[in-house]
Amino acid sequence: NGELVPFRDNGVGDVTFTAKYNLLPTLRHMLVAGFGVQVPTGTTTARDDHGGVMESPGQLGRGNAGLIGSLYQTYELIPQRLNQFFYGSYRHTFRNNDGYQFGDEYNLSLGANGVPFVSAPWLMLTGQFHWRYMVHDNMNASLWQSAPAGNGGGVDPVEIDPLFANRRVPNTGSTYFAFSPGFQASLDGFIDSPLTKMSSVYFYAQLP
C-alpha cells in the first residue's frame, strides 16, 4: 500500500583527486602507493517529485569528504611475456551533516597478463580475480517500524527506540567476487601509423 514517489537527478557527483608514487622502480618490479581525497562536490539537496529532500543514498554526492589509500604491485615473471599484478584499495567516508555515513569500501585484485604467441606480440591475454567488500552504511537516527498492514493495523509508523544513536542500515553493504578474463590488442600490429603505435584496444568480461 506504499505510495510511489518518483525522483531523478542529473549532474556531477563527488570528485576524487589521487596522487601516486612509485616506491620500487626497477626493470621487472614496480610498487606504486596512492593516496586520494574524495571531495564532496556532488549535490545533497536534490528533491523528489513531491518536493521532499531525498535521503542520502539517493543523492549524487555523499555529503562529506572521503579518504582513499591504494597499493599497486607488478612483477615480470617472464620478461616481455608474462607478468603478475596486485591491487588493493580502501575508502573511508566521513559522516555528513544529515547524520549519514557511507560504509567503508575494500577492494582486492590479483591477476596476470601474458603474451601467448611469440609471433603475435601485439596480443596479450589477461585474467584477474576481484573481491570487493562494502561495509553497511551507518545513520544517526531514532528507530521506527512501519505499521503492519491489514487486520486493523494503523497507518502511522510505530516508535521502537526514541534515542538518536548510530545505527547500521540493514539494506546496505555487499560482498562481490568475480573472475575477469580478457585480452588487449595493440593497434600497431594491424595499422602502421604514428598514432596507432601508442594505441590499443581491450575487452574483458566479469564472471561473478
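The values are calculated or read from the model by the stated rules, or taken from the named source; none is laboratory data. Bear in mind the structure is a predicted one, so any value in this text is a computation, not a measurement. Note that we place each Cβ from the backbone using ideal geometry, even for glycine, and neighbour counts take in every protein chain shown. To get the accessible areas, we keep the full protein, side chains included, count just its heavy atoms, and leave off ligands, DNA and RNA. Shrake-Rupley method; radii C 1.70, N 1.55, O 1.52, S 1.80 Å.
The single residue among GLY61, GLY51, GLY13 that is part of a loop (DSSP other than H, G, I, E, B) and closer than 30 Å to PHE85 by Cβ turns out to be GLY13. Among the residues of region 106-145, those that are small (Gly, Ala, Ser) and under 30 Å from PRO157 (Cβ atoms) comprise ALA141, SER142. If you go through region 123-140 and keep only what is in contact with a strand residue (DSSP E or B) (Cβ under 6 Å, 6 or more places away or on another chain) and either modelled with pLDDT under 90 or open to solvent by less than 30 Å² (accessible area, probe 1.4 Å) (or both), you end up with just GLY127. Taking the criterion of being hydroxyl-bearing (Ser, Thr, Tyr) and open to solvent by less than 50 Å² (accessible area, probe 1.4 Å), would at least one residue in region 34-41 satisfy it? There is no residue in region 34-41 that is hydroxyl-bearing (Ser, Thr, Tyr) and open to solvent by less than 50 Å² (accessible area, probe 1.4 Å). Look at (1) touching a Gly at 6+ places or on another chain (Cβ under 6 Å); (2) at pLDDT below 95; (3) of a type outside the set (Gly, Ala, Ser) and you find that PRO181 fails only one, number (2).
Is it true that some residue in region 193-204 is open to solvent by less than 100 Å² (accessible area, probe 1.4 Å) and part of a loop (DSSP other than H, G, I, E, B)? Checking region 193-204: at least one residue is open to solvent by less than 100 Å² (accessible area, probe 1.4 Å) and part of a loop (DSSP other than H, G, I, E, B).
Count of region 183-200 residues, restricted to those that are under 15 Å from VAL115 (Cα atoms) and aromatic (Phe, Trp, Tyr), is 1.
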